[in-house]
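What follows is calculated from the coordinates using simple rules that are stated; it is not laboratory data. Source: prediction; values computed, not measured. We place every Cβ from the backbone using ideal geometry, glycine too, and count neighbours over all the protein chains shown.
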Amino acid sequence: MQPTILIYQLQQKNEKAFQKIYEMYADNTFGVIYTIIRDKTISEEVLQDVFIKIWNNASSYSEKKGRFFTWILNIARNAAIDKTRSKSFKNSQKNQEAEYFVDILEEKNSFSQKTDAIGIKKYINALEPLCKKVIDLLFFKGFTQKEASEKLEIPLGTIKTRNRICINKLREILEV
């Protein structure tokens, strides 16, 4: 079935279309959420919340504004970042096992596993090193543009411009 037909049916509150969309996008969406949250149980909860938002807000999706998958990933990314900023999440992270921190340290400079988990590793690898760093911080680690600016020691305006340039390059790569 054509994705546009599925989207239309979803917007008409067709449960079978919703189920098919869930089957098509849940794994990749989970990958995005998990790379930000790094807790399987909480990531699964956020995934469910994301698909409830997709169901409730399907009518707000417009093909003119971008691809459906991008719309879903933006919802997922925002939900994951919101979760990491919540008080309950911050409190739960205070008591993490040492194993968790070792894992973070080992993965600190490499996000190839993250990008591979959601199926975009080959596209990200085609970008220049600064783009990789900016995308990693903003999209995979949930940094704000200000935080990324401080981390990379680059002016905020430059980060904003770089982000826009990098996303446009990624779009060009994806359209080829």
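Here's the picture: a label point sits 7 Å out from the Cα of S60 along the beta-carbon direction, and within the stretch 9-50 the residues with their amide nitrogen under 18 Å of it are 10-13, 46-50. One chain, two ends: K13 and A126. Fully extended at 0.36 nm per residue, the span grows by 36.8 nm beyond their Cα-Cα distance.
Residue ranges 56-63, 127-134 sort as 127-134, 56-63 when ordered by packing (mean number of other C-beta atoms within 10 Å per residue, highest first). Using the Cα coordinates of the stretch 1-96, the gyration tensor eigenvalues translate into equivalent-ellipsoid semi-axes of 27, 12, 11 Å, sorted from longest to shortest.
Between E23 and I173, how high is the FRET efficiency from 1/(1 + (r/R0)^6) when r is the Cβ-Cβ distance and R₀ = 25 Å? Nearest 0.05. Don't jump to the answer; show the numbers that get you there.
On the way: r = 26 Å, r/R0 = 1.06.
Computed FRET efficiency for E23 and I173: 0.40.
Taking trypsin sites (Lys or Arg not before Pro) across the stretch 50-90, none is in a DSSP loop with at most 11 further Cβ atoms lying within 10 angstrom of its Cβ. Using +1 at the C-beta of Lys and Arg and -1 at the C-beta of Asp and Glu, which of W71, I5, A17 has the Cα lying farthest in the positive direction of the dipole of the stretch 1-96? The Cα lying farthest towards the positive end belongs to W71. Taking 25 Å as the limit for the C-alpha separation, the pairs K87/K141; K65/K160; K83/K133; K20/K160; K146/K169 exceed it in the case of K20/K160. Available extension along the chain between R67 and S86 is 4.0 nm, counting 0.36 nm per residue and deducting the alpha carbon span.
Let me check against my output: what whole-number percent is the relative contact order of the stretch 1-96, with C-alpha pairs under 8 Å and at least 6 apart? RCO, the stretch 1-96: 30 percent.
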